[in-house]
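**Q** Attaching a single structure in structure tokens format; questions to follow.
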Amino acid sequence: MIIGLTGGIGSGKSAAADRFALAHGIHIVDADVKSRVVVEPGRPALSQIVDRFGQHMLLEGGFLNRAALREEVFKAPEQRMWLEQLLHPLIRDEIISDLASATSPYALLVSPLLVESGQYRMTQRVLVVDVPEEIQIARTRQRDQVSEEQIKAIMQAQARRDDRLLHADDVITNDKDLAALHAQVDALHQRYLAIAEGASS
């Protein structure tokens with residue numbers, strides 16, 4: 001069984017995923033990590049990005065300059081669409097092969113764009129980590145030291161909170177402390193074990 005875990009920037013997806021992995025031994029596939037793998041030096045996608053946007057897309061050592069790329073794609077929607085069409089199929093292939101190697105009772109696919117990219121179709125259930133937008137902005141500013149304007153641009157590129165919740169089978173409300181988040185994860189873990197067991201029997 002594959003559970004899709006999503007939430008907006010600053011919602012606490014990573015903290016929830018860490019709890020599933022560290023406390024319960026659940027296999028985690030992180031779409032953000034896969035999105036970095038497909039643009040590593042020597043990968044065809046990286047040279048296509050450089051061909052389109054120029055040499056300033058590369059850092060020393062030949063690695064992708066993510067900040068420069070983010071600036072390009074958030075300025076122009078058609079550039080973002082081009083990038084998504086290039087990367088989404090590659091990321092999907094990486095995700096599929098990693099999920100296939102899972103040995104835990106269920107696996108988690110963690111993706112900020114689970115709904116928008118259609119990745120939720122690879123899952124049997126969708127878990128949304130939900131927080132009010134003002135908490136998202138405050139947490140992200142503190143964590144990433146970026147402007148509120150840039151955070152809002154990223155939020156606009158992600159699904160609206162309501163759209164995410166429409167896709168949710170389960171919701172974690174992460175507006176309190178870490179202990180409250182962990183308690184919700186632990187309860188869901190028990191539920192998922194029961195569902196996975198029911199599905200395999």
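The values are calculated or read from the model by the stated rules, or taken from the named source; none is laboratory data. Values in this document were obtained by computation on a predicted structure and should not be read as measured data. FYI the Cβ positions are ideal-geometry reconstructions off the backbone, even for glycines, and counts take in every protein chain you see.
**Q** So, L193, is that one touching a residue at least 24 places away in the same chain (Cβ under 8 Å), touching a strand residue (DSSP E or B) at 6+ places or on another chain (Cβ under 7 Å) and either part of a helix (DSSP H, G or I) or under 21 Å from E133 (Cα atoms) (or both) or not?
**A** no
**Q** Which is closer than 23 Å to Q145 by Cβ, modelled with pLDDT of 95 or more and surrounded by 15 or more Cβ atoms within 10 Å (Cβ to Cβ), of D98, D30?
**A** Among D98, D30, only D30 is closer than 23 Å to Q145 by Cβ, modelled with pLDDT of 95 or more and surrounded by 15 or more Cβ atoms within 10 Å (Cβ to Cβ).
**Q** Further question on the same structure: Out of all the residues in segment 22-49, which are within 28 Å of R141 (Cβ to Cβ) and touching a residue at least 60 places away in the same chain (Cβ under 8 Å)?
**A** I28, D30, A31, D32, K34
**Q** Being over 18 Å from G4 (Cβ atoms) and touching a residue at least 24 places away in the same chain (Cβ under 8 Å) is the filter here; which residues of segment 164-180 pass it?
**A** D175, L178
**Q** Let me ask another. Pairs please, first residue from segment 126-142 and farther than 14 Å from S14 by Cβ, second anywhere and surrounded by fewer than 17 Cβ atoms within 10 Å (Cβ to Cβ) and among the hydroxyl-bearing types (S, T, Y), Cβ atoms under 9 Å, 6+ apart in sequence or on different chains.
**A** D130/T173; R141/S147
**Q** Here's another thing I want to ask about it. Would you pick out the residues in segment 108-158 that are β-branched (V, I, T) and assigned to a strand (DSSP E or B)?
**A** V110, V126, V128, V129
**Q** Within the group A45, A23, which residue is farther than 28 Å from A199 by Cα, among the small types (G, A, S) and out of contact with any Ser or Thr (no Cβ under 8 Å at 6 or more places or on another chain)?
**A** Answer to the selection: A45.
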